[in-house]
1. Search region 42-80 for residues being among the small types (Gly, Ala, Ser) and modelled with pLDDT under 80, and hand back the single one that is nearest to Ile93 (Cα to Cα).
2. Give the residues of region 7-36 that are open to solvent by 70 Å² or more (accessible area, probe 1.4 Å) and either at pLDDT 80 or above or out of contact with any Phe, Trp or Tyr (no Cβ under 9 Å at 6 or more places or on another chain) (or both), sorted by residue number.
3. Would you check if there is a residue in region 83-102 being aliphatic (A, V, I, L, M), out of contact with any Phe, Trp or Tyr (no Cβ under 9 Å at 6 or more places or on another chain) and under 18 Å from Gly10 (Cα atoms)?
4. Would you mind stating whether Thr95 is out of contact with any strand residue (DSSP E or B) (no Cβ under 6 Å at 6 or more places or on another chain), open to solvent by 80 Å² or more (accessible area, probe 1.4 Å), modelled with pLDDT of 75 or more and polar (S, T, N, Q)?
5. If you scan region 37-52, which residues turn out to be open to solvent by 60 Å² or more (accessible area, probe 1.4 Å) and either more than 14 Å from Glu97 (Cα to Cα) or touching a Pro at 6+ places or on another chain (Cβ under 8 Å) (or both)?
Amino acid sequence: MRTLSTDDLGLLLSVFALLLISFAIDFQASKRAIALHHRRAVFFASVAVVGELMTALALILSWVALWSPAAWERIDDLLVFIPGSIAVLCAVILTVEKTLARVISIAWIKAANVEDESNDDEI
């Protein structure tokens, strides 16, 4: 495994900062959606929290390693990559969930509109 250079750490800091911002913005659910899909809401809220924590940990370790030469020697690259990889995995899970929820809601709205049009034709 190769060692991280200063440029690599700077790039990782940027990625982790963007992930942290996306986790902060991402998870919003209405009270109605939570009531209807409680387990799903709890699961994805947990994924968001784990992702935020892992991103924050990787961000802090990268920042310390970048600015402290003594710490750079002591921080193993895996201490940055493991939480970072978990954070990226959580971001992918939340992105897939959000995309599927949008597709399902669009299909549901379209089906409801088609049903309304057929009811109007009968009248």
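1. So, considering only residues that are among the small types (Gly, Ala, Ser) and modelled with pLDDT under 80, the one nearest to Ile93 (Cα to Cα) is Ala65.
2. Matches in region 7-36: Asp7, Leu11, Leu18, Ile21, Ala24, Ile25, Gln28, Lys31, Arg32, Ala35, Leu36.
3. Yes, that holds for at least one residue.
4. It is true that Thr95 is out of contact with any strand residue (DSSP E or B) (no Cβ under 6 Å at 6 or more places or on another chain), open to solvent by 80 Å² or more (accessible area, probe 1.4 Å), modelled with pLDDT of 75 or more and polar (S, T, N, Q).
5. His38, Val49, Val50, Glu52
The values are calculated or read from the model by the stated rules, or taken from the named source; none is laboratory data. Keep in mind the model is a prediction, meaning the values are calculated, not measured. Glycine gets a Cβ as well: all are built from the backbone with ideal geometry, and neighbour counts include every protein chain shown. Protein only, heavy atoms only, side chains kept; ligands, DNA and RNA dropped before computing areas. Shrake-Rupley method; radii C 1.70, N 1.55, O 1.52, S 1.80 Å.
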